[in-house]
Amino acid sequence: MSLFRPRDVIDHVAQITPHFLAARGLNGLLLDLDNTLVPYGSYAEEGEMVRWAGELRSAGVGLYLLSNATGKRASFWISRLGFAGVGMAGKPNPRAFRKALDALALPPHAVGMVGDQVFTDVLGGNLAGMHTILVRPLAVNALPHTRAARRLERLVLRRYGHDWEPGRRR
Ligand SMILES: [Mg+2]
């Protein structure tokens, strides 16, 4: 069960600051896209998110987008966010995590995996030996398979003492 356990649970990525990272010995982040940085499927310009990423990069934090979205969608956001990454990553497959860590040239223990899903982002990050950070999803996704996964996530997270209702922020 511990492979499903996030090290940190936060409401929004903006809570991740250079100070937050320094306190955890992290120098880089792998970032999920959908429902972590932007609402699922969104192509709307997210100025706040671009500024947040820019501030972290100015502080020397390595950032890399690791998304299961289509390559086209990932490329759209990579060009706007200003850092590298990939789409169709196949999370939780460890191969994509290893490639991303190579791109950042950082060891797994110095990198946080930030995402909104336990069975892709948290599991994959834990398998890769990274510090996992679960973020509350930005939007409630209506796809049936995602709704089923959310129910399982709630069960897993409750075991760890997290009262997890997607879309309901504390
Ligand atoms: Mg996501």
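The values are calculated or read from the model by the stated rules, or taken from the named source; none is laboratory data. Just so it is clear, the structure is predicted and the values come from calculations on it, not from any experiment. Heavy atoms of the whole protein, side chains included, go into the accessibility calculation; ligands, DNA and RNA do not. Shrake-Rupley method; radii C 1.70, N 1.55, O 1.52, S 1.80 Å.
Summed over the residues of the chain and divided among them, the accessible surface reaches 48 Å² per residue at a probe radius of 1.4 Å.
Rounded to the nearest percent, how much of the accessible area of the chain (1.4 Å probe, protein heavy atoms only) is carbon and sulfur? Looking at the chain in its full context, I get 54 percent from C and S.
Can you pull the Kirkwood radius for segment 2-159, inverse mean 1/r over Cα pairs, to one decimal in Å? Before the final figure, lay out the partial values.
On the way: mean 1/r = 0.0650 Å⁻¹.
One decimal place: 15.4 Å for the Kirkwood radius.
Computed from phi, the 3J(HN,Hα) profile of segment 4-9 under the Karplus parametrisation 6.51, -1.76, 1.60 (θ = phi - 60°) reads 8, 8, x, 6, 10, 10 Hz, with x in place of Gly and Pro. Over the chain, dividing the summed -39,500 (n - 2.57) contributions of all DSSP H runs of at least 4 residues by the number of residues returns a 222 nm mean residue ellipticity of -10500 deg cm²/dmol.
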